[in-house]
Amino acid sequence: MKKPRVAFFDFASCEGCQLQIADLEEEILDLINIVDVVSFREVMKEHSDDYDIAIIEGSIMRPIDEGRLKEIRENAKILVALGACATIGGINKIRNQWTPSEVKKEVYGNYNLKGNDFFDVFQTKAVDEVVKVDYNIHGCPINRDEFKKVITSIAMGKNPEIPNYPVCVECKKNENICLFELGKFCLGPITRAGCNSICPTNGSPCDGCRGILKKPEVECINDILERYNLDYEEMKRRCNIYNYGKEVCK
Ligand code: SF4
Ligand code: SF4
Ligand code: SF4
């Protein structure tokens with residue numbers, strides 16, 4: 001069977017998710033057994049525009065990004081969004097609370113940016129706000145093992161399983177003391193699991209990097225807010241780190 005050809009592309013990001021994959025080291029050989037990597041700027045010089053699976057890291061910030069992404073989508077049979085910047089807009093969406101003009105003024109002052117496509121930014125978009133995404137690999141950064149599982153499933157023509165239950169489920173399995181009991185504000189109840197509750201297990205509240213669940217348990221969240229005397233606005237502010245502008249529940 002012919003191996004699917006895989007190409008990586010980066011948009012606005014810190015490239016930390018691609019670095020996670022580059023860091024697979026010898027495990028990358030397992031991956032090369034099932035796919036042909038034809039483009040991966042962080043680890044190889046070669047590049048080909050003939051690919052089956054496009055893996056997109058980063059958020060979409062400018063019309064030139066949008067055009068490039070649409071072209072990639074046309075060339076690819078399958079498109080995968082890699083990491084929070086791509087799947088939900090991630091940290092780059094924080095700036096959507098200001099207009100693009102305000103952001104440019106703050107960063108570049110009175111410097112004349114007119115006519116330069118590089119600085120022609122609009123409000124940050126996740127990849128699926130521009131093109132159809134077939135699969136998401138969540139997290140900031142992504143989890144290497146999850147990446148391997150998802151790519152293996154896709155290469156075998158199977159549907160990768162992406163959890164759609166809260167981080168709290170993993171946290172309970174890990175027998176952690178709930179951080180609300182320790183006076184911290186954790187987004188685990190509304191955030192998609194899959195990271196094995198790495199942050200709460202290590203004493204840090206979840207910031208929601210894997211995205212808000214499609215249907216968060218509104219009653220459960222209201223219970224928590226009431227029980228610990230916390231307000232909805234505080235939860236919204238915390239959600240803004242990764243999920244800016246997302247209404248969680250009312
Ligand atoms: S999701 Fe996080 S680690 Fe990945 S590219 Fe974006 S900022 Fe970097
Ligand atoms: S610490 Fe966070 S993830 Fe863990 S049970 Fe409490 S709310 Fe849920
Ligand atoms: S616990 Fe929350 S913030 Fe930490 S990795 Fe998991 S989803 Fe991301």
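The values are calculated or read from the model by the stated rules, or taken from the named source; none is laboratory data. These numbers were taken from a predicted model, which means no experiment stands behind them. In this analysis, Cβ positions are derived from the backbone assuming ideal geometry, glycine residues included, and neighbour counts consider all displayed protein chains.
List of remarks:
- Count of region 152-181 residues which are of a type in the set (Phe, Trp, Tyr) and either assigned to a loop (DSSP other than H, G, I, E, B) or under 19 Å from the mean Cα position of the chain (by Cα) (or both): 1
- Those residues of region 207-218 which are in contact with a strand residue (DSSP E or B) (Cβ under 7 Å, 6 or more places away or on another chain) and either at pLDDT 95 or above or within 16 Å of ligand 1 (Cβ to nearest atom) (or both), in sequence order: Gly208, Cys209, Arg210, Gly211, Ile212
- Residue identified as more than 28 Å from Asn159 (Cβ to Cβ) and either of a type outside the set (Phe, Trp, Tyr) or within 16 Å of ligand 2 (Cβ to nearest atom) (or both) among Asp65, Asp10, Asp30: Asp65
- Scan of region 195-206 for residues that are buried (at least 19 other Cβ atoms within 10 Å of the Cβ) and either within 16 Å of ligand 1 (Cβ to nearest atom) or hydroxyl-bearing (Ser, Thr, Tyr) (or both), ordered by number: Cys195, Ser197, Cys199, Cys206
- Residue match in region 110-117 (condition: touching a Lys or Arg at 6+ places or on another chain (Cβ under 8 Å), part of a helix (DSSP H, G or I) and touching a residue at least 24 places away in the same chain (Cβ under 8 Å)): yes
- Pick from region 151-168, criterion among the aliphatic types (A, V, I, L, M) and buried (at least 21 other Cβ atoms within 10 Å of the Cβ), ranking: farthest from Cys178 (Cα to Cα): Ile154
- Any hit, region 40-55, residues being modelled with pLDDT of 95 or more, surrounded by fewer than 12 Cβ atoms within 10 Å (Cβ to Cβ) and either in the same structural domain as Glu15 (by TED's automatic domain parsing) or over 21 Å from Gly245 (Cβ atoms) (or both): yes
- Enumeration of residues in region 57-97 that are small (Gly, Ala, Ser), touching a strand residue (DSSP E or B) at 6+ places or on another chain (Cβ under 9 Å) and away from ligand 3 (no atom under 16 Å from the Cβ): Gly58, Ser59, Ala76
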